[in-house]
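Reading through the structure tokens given below for one structure.
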Amino acid sequence: MAASYLKLYHNKELHKRIQKARSLLENCSVCPRRCYVNRLRGEMGKCRIADEAMISSYGPHFGEEAPLIGRHGSGTIFFTNCNLQCLFCQNYNISQLGEGERVTKERLAYMMFSLQSQECHNINLVSPTHVVPQILEALEIAIELGLQIPLVYNSGGYDSVETLKLLDGVVDIYMPDMKYSDENIAKELSGIENYPEINRAAVREMHRQVGDLQLDKEGIAHQGLLIRHLVLPNNLAGTKDVINFLAREISRYTYVNIMDQYHPCYEAFQIPNLARRISTREFQEAIELAHEAGLNRLDKALHLILRL
Ligand code: SF4
């Protein structure tokens, strides 16, 4: 199934979106941090990326959700740095310590096309929020090379609605995190303001654009919303409120991956409430809450059955 962005490319709308996105870099408001630095002149805000994106690695990935990996894998591109500063980030060497190298838009386009050539089912943009303009520029070149598989926007969920509107008709699959329900916890653990409010507005906009996750006859996702929620110890993630928001304000058919793999790393050992893995009971409670709320498209449902 051809990606939506081909239509925008052919009617020249994609080119207009690139120009609008580039203009955001001059006084940067690409993400809700609104640092107002001039990235086109080499200035850097909280994400510490100026005019060119940085990449730590790219390749077929088989550790993602089943609807993304299919037989040939999800074509992941890991962008260096992040607009969040999570104390427990499990990829902190990439997101916080700057591991990676600068890439031109031509090189990024080549990476996208190379992943399609390896038969990946999609281009999975990991931590794309701070480099949306650079992604759009590369996409136009990649389309000219022959790119036609869907884009997956795999973000921490701290995205501005204005920037997401530039991706309307460009991104086919949104996969944001819903990390927290409490703004004070978000501030303490990820260094960001108003996470729940901004995150929920972003999820509403994503769902407005693409709807619930749709799979083809082989079970591969081609469009829609997929939510990730990492259960944290001591209910720091506010799981119940996240689940109720999805069930009541988005859709009971939302595809949700409730994740149990939290383990303390990076600076998490300095926070007593974060310094342990979650218990089996904590994970089971999260799954039960989802079922009680009517959310039954759970990526880990089978996993739970195997654990019980
Ligand atoms: S993208 Fe980076 S520089 Fe721009 S507002 Fe966000 S954190 Fe700041």
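Would you mind checking the range 112-145 for residues with the amide N under 16 Å from a putative spin-label position 7 Å along Cα→C-beta of GLU162? Answer for the range 112-145: 130-133.
Proximity of backbone amide H atoms, modeled 1.01 Å from N, is registered between ASP177 and SER155, GLY156, GLY157, ARG228 at under 5 Å, excluding neighbours fewer than 5 places apart on the same chain. Highest mean packing first, where packing is the average number of other Cβ atoms within 10 Å per residue, the peptides 224-230, 9-15 line up as 224-230, 9-15. Sequentially through the range 82-96, phi angles give Karplus couplings (6.51, -1.76, 1.60; θ = phi - 60°) of 7, 8, 10, 10, 6, 5, 10, 4, 7, 10, 4, 5, 8, 7, 10 Hz, Gly and Pro residues having no value and appearing as x. Could you state the number of Å between the C-alpha centres of the range 53-69 and the range 241-274? With the range 241-274 and the range 53-69 each reduced to a Cα centre, they are spaced 20 Å.
For the range 130-156, backbone nitrogen atoms closer than 20 Å to the point 7 Å from ILE271 Cα along Cα-to-C-beta are found at 155-156. The equivalent ellipsoid of the chain has semi-axes of 29, 23, 18 Å, largest first, where each one is the square root of 5 times an eigenvalue of the Cα gyration tensor. Which angle from 0 to 90°, rounded to the nearest 10, does the C-alpha axis of helix 195-210 make with the longest principal axis of the chain? Long axis of 195-210 versus the principal axis of the chain: about 60 degrees. Distance between the pseudo-spin-label points of ASP182 and TYR253 (7 Å out from Cα toward the beta carbon): 3.5 nm. Accessible surface area normalised per residue over the range 207-248 is 41 Å², counting heavy atoms of protein chains with a 1.4 Å rolling probe.
A 1.4 Å probe run over the range 25-129, with the rest of the protein chains in place, finds 43 Å² accessible per residue. A straight Cα-to-Cα reach below 16 Å connects LYS20 with the lysines LYS12, LYS165, residues fewer than 8 places away in its own chain not being considered. The range 159-214 and the range 1-40 have Cα centres lying 17 Å from one another. Against the main long axis of the alpha-carbon atoms of the chain, helix 105-117 sits at an angle near 60°. Among the listed pairs LYS217/LYS240; LYS16/LYS105; LYS187/LYS240, those whose Cα-Cα separation exceeds 22 Å are LYS217/LYS240.
With the Kirkwood sum run over all distinct C-alpha pairs, the range 130-188 has a hydrodynamic radius of 13.2 Å.
Each Lys or Arg adds one and each Asp or Glu subtracts one; over the other residues with Cβ under 12 Å from the Cβ of LYS16, this totals +2.
Rank-order 164-170, 97-103 by packing density, defined as the average count of other C-beta atoms within 10 Å over each peptide's residues, highest first.
Those peptides, ordered most packed to least, come out 164-170, 97-103.
Surface composition of the chain: carbon plus sulfur atoms contribute 48% of the solvent-accessible area (1.4 Å probe, protein chains only, all chains present).
The values are calculated or read from the model by the stated rules, or taken from the named source; none is laboratory data. These numbers come from a predicted model, not from an experiment. Neighbour counts are summed over all protein chains in view; Cβ atoms, including those assigned to glycine, are modelled from backbone coordinates with ideal geometry. Heavy atoms of the whole protein, side chains included, go into the accessibility calculation; ligands, DNA and RNA do not. Shrake-Rupley method; radii C 1.70, N 1.55, O 1.52, S 1.80 Å.
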